[in-house]
1. Using Cα positions and a limit of under 20 Å, work out the lysines in reach of K175, with same-chain residues fewer than 8 apart set aside.
2. What three numbers, in Å, describe the spread of the alpha carbons of the range 47-160 along their principal axes, ordered from the longest?
3. Just tell me which lysines come within less than 21 Å, Cα to Cα, of K210; anything on the same chain fewer than 8 places away is out.
4. Please list R110, R90 in order of solvent-accessible area, largest first, computed with a 1.4 Å probe with all protein chains present.
5. Any idea of H227's accessible area? Nearest 10 Å², probe 1.4 Å.
6. How long, wide and thick is the range 23-95, going by the Cα atoms along their three principal axes, in whole angstroms, largest first?
7. Enter the accessible area per residue of the chain (Å², integer; probe 1.4 Å; all protein chains in place).
8. Based only on Cα atoms, what Rg/Rh ratio does the range 121-220 have, Rh being taken as Kirkwood's radius?
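The values are calculated or read from the model by the stated rules, or taken from the named source; none is laboratory data. The shown structure was predicted, so the numbers you read here are calculated from the model rather than taken from an experiment. Note: ideal-geometry Cβ built from the backbone for every residue, glycine included; neighbour counts use all protein chains shown. Surface accessibility is based on the protein's heavy atoms, side chains included, excluding ligands, DNA and RNA. Shrake-Rupley method; radii C 1.70, N 1.55, O 1.52, S 1.80 Å.
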Amino acid sequence: MNTNNSNMQSAILSHLEDIERQYDVRVLLAVESGSRAWGFHSSESDWDLRFVYVNKLDWYLNVNEGRDVIEEMYNDNVDLVGWELRKTLRLFQKSNPSLMEWLHSPIIYRADKEFLSRMKALEPSYFNPIKTMYHYASIYIKHDKRYLQNYAYPLKRFLYYLRGILACRWVEEHKTMPPVLFSELTQNTVEDESIRQKIYELIDLKRQSKKNDNAEVYAELVEYARHWANHFEQIIPNYRPEMNHCDNSSNLDILLKEMVLSFSSQEK
């Protein structure tokens, strides 16, 4: 880790401690989200932290539920958004794709090992490939309509577009959560070596500077992406794979109870 990254790591950990003191909560998981987690950020990119936190027992014993989101923006371009544990588990039960990405982020700043290991062990019971497929399809469709149809395929937007398509390819084949790191997703979904290398070149170009965000994209990649977008346009309306989806919340109830009691029993 270079000096700049080491300094940012320290600053981020300090921000998390500040959150815990200010809100009297315990951070169970804190990860990087967005372009840094995907691996095509530049040095000028913001830091998009996402975290899960638990309150003490008294917070859960009110007739009216309290605010279940914490949002803070720091002067060093660190943007923190956190979800309370009960909210998190409700979304997990619904196989929320954004939350699933947090659980698989390659950049972890803080993690309660017990919490993270149990969430990952429960994931196969709650993961919904249909919902995940629609989520990633909506990403590439949105970028196509908003940016690509009216412009000459700007690099940044094309990478977002392509990521959505490749994530759909992964879900179609594996019916599990796609890799968050874009280079890993590419390695495991793109069979053509020349196409893979061109994607890697785009990632490298994107990481060099924000000035490259609007650089031209190889025509071969546009053709490749369009081919798979057309493929998913045909299959998604009827995409109904078999799955072992669990609607029972008992395991999540136990996890919630144990995490709350563990934090509440700590000395102030």
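1. Within the straight-line cut-off, K175 pairs with K94, K120, K131.
2. The Cα atoms of the range 47-160 stretch 55, 40, 30 Å along their principal axes.
3. Here the lysines satisfying the reach criterion relative to K210 are K156, K198.
4. Sorted by accessible area, descending: R90, R110.
5. It works out to around 110 Å².
6. Cα spread of the range 23-95 along its principal axes, largest to smallest: 46, 30, 17 Å.
7. Values: 13790 Å² over 268 residues.
On a per-residue basis, the chain sits at 51 Å².
8. Working: Rg = 14.3 Å, Rh = 14.3 Å.
Across the range 121-220, the Cα-based Rg/Rh ratio is 1.00.
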